[in-house]
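A short reminder: the numbers here are calculations on the coordinates, not readings from a lab. Quick caveat, the model's predicted, so the values are computed rather than measured. Glycine gets a Cβ as well: all are built from the backbone with ideal geometry, and neighbour counts include every protein chain shown.
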Amino acid sequence: MKQKQRLEIRPFDSAQDKDWRLGDDEQSPISDLRSPQNGRLLSVSIPASGADTAVFLQQALGQERFFWSDANGGLTLAGFGIAANLIAWGADRFNQIQQQVQELFAEAVIDSEERPLAGPRIFGGFSFIDDFTPDNTWSIHYPAQFILPHYQLTQQNGESWLTLNAILPPDEAPDSLLPELRAALAAWLEGFLTQRRKGAEKSAVMPDALRIEYPMSKAEWEQMINHATKTMQNGPLNKAVLSRVCEIRYAQKVNVDGALAYLNATYPDCYRFLFEPRPFHAFYGATPELIVGVDGRSLTTMGLAGSIGRGKTPAEDDALAQELLNSIKNQHEHALVVASIRRRLEPLTSELTIPKQPSILQLGYIQHLFTPIQATLNQANGVLPILQNLHPTPALGGQPRELAIPFIGQAEPVPRGWYGAPVGWLDHNLDGAFGVAIRSAITQDRRIWLYSGAGIVADSDPQAEWDETALKFRPMLNALGMVDG
């Protein structure tokens, strides 16, 4: 008779070692992607003082990895391995993910109920359009995918927690496992910290690029922008965000950890993310734009549209900021974004606070027109219904939405995949936060694609928009050790 399966933990060894296992005669790994319907989620947490998210991810190189860090401090999350993998397709993908997450957590045993910070987080996102078909650059990315990692490190306000997430067999009693798992988790943490102290942190060097290309020529860009402006001048389309790409090839695997470290150090005022559902196939970036954050009935979002560069001195900065504030084109573009957000949120909220005039958001290399938005929701149904309602905002799609999205699909020669789409995290209450996946890169082993877009309105100038996209390529080009494009 086959022995009953049970969860066991082996001591920390290396990133190549799949530590969390369902122990039986075959030592079958949990990461066989067991469906939540076939088991019960167990989430166990312990304090993790001294653990560092960068080292945590670096030690997991060669496994599935995930990362999120709020702008200007706040919550930082890291994870690796797969405890549960949720996928959805089609126009109903937001609802499908909502239902799958509810099912995953319905019978869950969460050891951190009195410590919400330590609770399980699911990392993931959506493609820009509903009918996205994975191919080429985005071959492993689904229209919607969310992964609950085996290991999770959570940090905020000086607290740090290590969490194990695993799907138990239906006949396993989770309560009987908790004391043993906490002790084993503590031993694993000690092994991890010891290896770090022995010099586990390795300085990562970015390999030299073999080739860097911009597939769309300046003449082709000008033709696309002129077509867009004429369409807007002669019809109901008010705005469309159009993008171009940069392709980089290397002789060795891309150093994603080095790029992420650069983004964390250089752009702490942005939301940094990493979604690596297959080893060495990573989507990552530093986005200034939060599409929505929801905590119960409290909602945070923003209008972010209209851009200009930074000056070399405070006086130049101020002059450029004033130029942006005085720009009729940029004010019009920004107003379209804010009006759309207002229109979509008003039916869902009991309170909605939107400043009458935008302010300036200064980042390391660029300045944006910025309108912070706060709201109180009528109902606490989680972040996904709000996300579905807001995506894509005119900041990355256009206005009206029903005209802009098909126009973008016809005008742009390269599929967007997850570029410009929501990427972020969910907790067991279905609350969470999602950024707009811009200032980002998609990596396949030794190949990278970068995307950069600009909001096009009826009076847009092709040269000015070309220059804006060149400016927006800079964060990722610099993170990859490249000369500015």
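Between residue 109 and residue 269, what's the calculated FRET efficiency when r is the beta-carbon distance and R0 is 35 Å? Round to 0.05.
In this case the efficiency is close to 0.35.
Sum up the charges of everything whose Cβ sits under 12 Å from the Cβ of residue 437, counting Lys and Arg as +1 and Asp and Glu as -1, but leave residue 437 out.
Net of charged neighbours comes to +2.
What does the charge add up to near residue 415, with Lys and Arg as +1, Asp and Glu as -1, over the other residues with Cβ less than 15 Å from its Cβ? Before the final figure, lay out each step's value.
On the way: positive: 244, 416; negative: 130, 131, 135, 247, 412.
Net charge in that neighbourhood comes out at -3.
Which distance in nm do the two modelled labels at residue 117 and residue 135 give, with both placed 7 Å along the Cα-to-Cβ direction?
So the label points at residue 117 and residue 135 sit 4.7 nm apart.
From the residues 95, 149, 275, which one has its Cα farthest along the dipole of the chain in the positive direction, the dipole being from +1 and -1 charges on Cβ of Lys/Arg and Asp/Glu about the Cα centre?
Farthest towards the positive end: 275.
For the range 340-485, what class follows from the C-alpha gyration tensor (a ≥ b ≥ c being the square roots of its eigenvalues): rounded when a/c is under 1.5, otherwise prolate if a/b is larger than b/c, else oblate?
Cα axes put the range 340-485 in the prolate bin.
What residues have an amide H closer than 5 Å to that of residue 452, excluding those fewer than 5 places away on the same chain, when H is modeled at 1.01 Å from N in the peptide plane?
Residues meeting the criterion, in which the H sits 1.01 Å from N, are 244.
Compute the Kirkwood hydrodynamic radius of the chain, taking the inverse of the mean of 1/r over all pairs of distinct Cα atoms, and give it in Å to one decimal. Show your work: numbers first, answer last.
On the way: mean 1/r = 0.0429 Å⁻¹.
Roughly 23.3 Å, rounded to one decimal.
Ordered by packing density, taken as the mean number of other Cβ atoms within 10 Å over each peptide's residues, highest first, how do 452-465, 381-394 rank? Spell out each step's value before the answer.
Details: 452-465: 19.6, 381-394: 21.4.
So the peptides 452-465, 381-394, ranked by packing, come out 381-394, 452-465.
If the label point is 7 Å along Cα→Cβ of residue 190, which residues in the range 134-171 have backbone nitrogen under 19 Å from it?
161-164
Tell me, what HN-Hα J-couplings in whole Hz come from the Karplus equation 6.51 cos²θ - 1.76 cosθ + 1.60 at θ = phi - 60° for each residue of the range 255-263, using x for Gly and Pro?
Each residue's phi maps through the Karplus curve to give 7, 5, 4, x, 5, 5, 4, 4, 5 Hz.
If amide hydrogens are placed 1.01 Å from N in the peptide plane, which non-local residues have theirs closer than 5 Å to the one on residue 417?
128
So how many Lys-Lys pairs in the chain land under 20 Å Cα to Cα, not counting same-chain pairs under 8 apart?
Taking the chain as the scope, the lysine pair count is 10.
At 7 Å along Cα-to-Cβ for each site, give me the label-to-label distance between residue 211 and residue 342 in nm.
Taking the two extended label points, one gets 5.0 nm.
Mind ranking 45-57, 238-250 by how tightly packed they are, going by the mean number of other C-beta atoms within 10 angstrom, highest first?
238-250, 45-57
Go ahead and estimate [θ] at 222 nm for the chain from helices alone: -39,500 (n - 2.57) per DSSP H run with n ≥ 4, summed, over the residue count, rounded to 500. Display every interim value, and only then the final one.
On the way: 10 runs with 136 residues, N = 485.
One gets -9000 deg cm²/dmol as the mean residue ellipticity at 222 nm.
Counting Lys and Arg as +1 and Asp and Glu as -1, what is the net charge of the other residues whose Cβ lies under 13 Å from the Cβ of residue 293?
That sum, taken over residues with Cβ under 13 Å, equals -4.
Once both axes come from the Cα atoms, what is the angle between helix 401-411 and the longest principal axis of the chain, in degrees from 0 to 90, rounded to 10?
90 degrees
Magnitude of the Cβ-charge dipole of the range 398-471, K/R +1 and D/E -1, about the Cα centre, nearest 20 debye?
Computed about the Cα centre, the dipole is about 340 debye.
Would you mind calculating the gained length between residue 38 and residue 353 on full extension (0.36 nm times residue separation, minus the Cα-Cα distance), in nm to one decimal?
109.0 nm
What is the gain in length, in nm to one decimal, between residue 323 and residue 445 on full extension, counting 0.36 nm per residue of separation less the C-alpha to C-alpha distance?
39.7 nm
Ranking request for peptides 431-439, 257-265: highest mean number of other beta-carbon atoms within 10 Å first, then the rest in descending order. Kindly include the intermediate steps, with their values, before the conclusion.
Numbers: 431-439: 26.7, 257-265: 19.9.
Packing proxy ranking, top to bottom: 431-439, 257-265.
Given +1 on the Cβ of Lys and Arg, -1 on the Cβ of Asp and Glu, and no further charges, what dipole in debye does the chain carry about its Cα centre, rounded to the nearest 20?
Computed about the Cα centre, the dipole is about 500 debye.
Say each of residue 102 and residue 218 gets a label point 7 Å from the Cα, pointing the same way as Cα to Cβ; how far apart are those two points in nm?
5.4 nm
Could you point to the residue in 110, 240, 214 farthest towards the positive end of the chain's charge dipole, with +1 and -1 charges on the Cβ of Lys/Arg and Asp/Glu respectively?
Among 110, 240, 214, the one farthest towards the positive end of the dipole of the chain is 214.
Using each residue's phi in the range 443-460, evaluate 6.51 cos²θ - 1.76 cosθ + 1.60 at θ = phi - 60° and report the 3J(HN,Hα) Karplus result to the nearest Hz, with x for Gly and Pro.
Coupling constants for the range 443-460: 10, 10, 6, 10, 10, 9, 10, 10, 10, 8, x, 9, x, 9, 10, 4, 9, 5 Hz.
Can you classify the range 409-459 as rounded, prolate or oblate using the Cα gyration tensor, where a ≥ b ≥ c are the square roots of its eigenvalues, rounded means a/c under 1.5, and otherwise it's prolate if a/b beats b/c and oblate if not?
Cα axes put the range 409-459 in the oblate bin.
Which order results if 376, 301, 349 are arranged by neighbouring Cβ count within 10 Å, fewest first?
In order of increasing Cβ crowding within 10 Å: 376, 349, 301.
Quick one: Karplus J couplings for the range 144-158, per residue in order, coefficients 6.51, -1.76, 1.60, θ = phi - 60°, nearest Hz, x for Gly and Pro?
8, 8, 9, 10, 8, x, 5, 9, 9, 10, 10, 9, 6, 6, x
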